Amino acid sequence: MKFQRSLMKFCQQISSINFKKSFAINAEHNDRTLPPSYLIDNEKGAECDRDAEQARELKGQIIAQAKEAYINRTNQRFQAKSYEWSAVCNIKSDTTMDDLKRLAQHFKDKYGFQCYQIAIHRDEDGKKQINHHAHLEFITLDKNTGINRQRELTPQKLRELQSEVSQILQMQRGEDKRKSGRERTEPREYAKQKETEK
């Protein structure tokens, strides 16, 4: 019986991770220096592994190191432009910062993505409905080569990545959008939909 309850809990938690280009204010959104207007009261609120200032400093170090590695390796001017990416990830109500650090380490080991800030948000959405999610801020430049590894994310790799996230966070993998036909709903749009439903 205990196993069944545990399995049911696992199956009800659908994993998903989505990448998009970072905005200049992401670090402040994540640590709540710039809180959005749609926050709700929740004792767990938001948790961040480093504040915006520390995140910016680490980001600068990562970029400088990658640029230096690229120039030293190629004897060419650094050329990559689109290497700052933000990932939003569904999480469970009991997902920890350590769980997300393991996920960030996986991205570094397998994909060369370097994470400079992780935030857990349990204080967003519509009327008292919590949207458990995390933000991971990445520089997609390889530490040793300076090459932008984001370009390697083919549709097939992105599908594999979704499966890896579900395994690492111990959640059920979301249905492949090629089968479901569904597109991702942005958090603000989701909150509006929930408000309309009420």
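Ranked by the mean number of other Cβ atoms within 10 Å per residue, highest first, peptides 150-157, 28-35, 134-141 order as 134-141, 28-35, 150-157. Can you give the net charge of the other residues whose Cβ lies under 13 Å from the Cβ of residue 78, counting K and R as +1 and D and E as -1? So the surrounding residues net to +2.
Centroid-to-centroid, using Cα positions, segment 33-51 and segment 60-110 are 23 Å apart. For the residue pairs 59/108; 20/59; 21/59; 20/44; 110/157; 44/92, alpha carbon separations beyond 21 Å are given by 20/44.
In the context of the full protein assembly, residue 163 retains an accessible surface of approximately 40 Å², using a probe radius of 1.4 Å and ignoring ligands and nucleic acids.
Put simply, the amide H of residue 173, placed in the peptide plane, has neighbours under 5 Å in 15, leaving out anything fewer than 5 places away on its chain. Measuring only protein heavy atoms, the 1.4 Å probe finds residue 68 accessible over about 110 Å².
The values are calculated or read from the model by the stated rules, or taken from the named source; none is laboratory data. Being a predicted model, the structure only gives us computed values, none of them experimental. Note: ideal-geometry Cβ built from the backbone for every residue, glycine included; neighbour counts use all protein chains shown. Note: accessible area is taken over every heavy atom of the protein model, side chains too, but ligands, DNA and RNA are not part of it. Shrake-Rupley method; radii C 1.70, N 1.55, O 1.52, S 1.80 Å.
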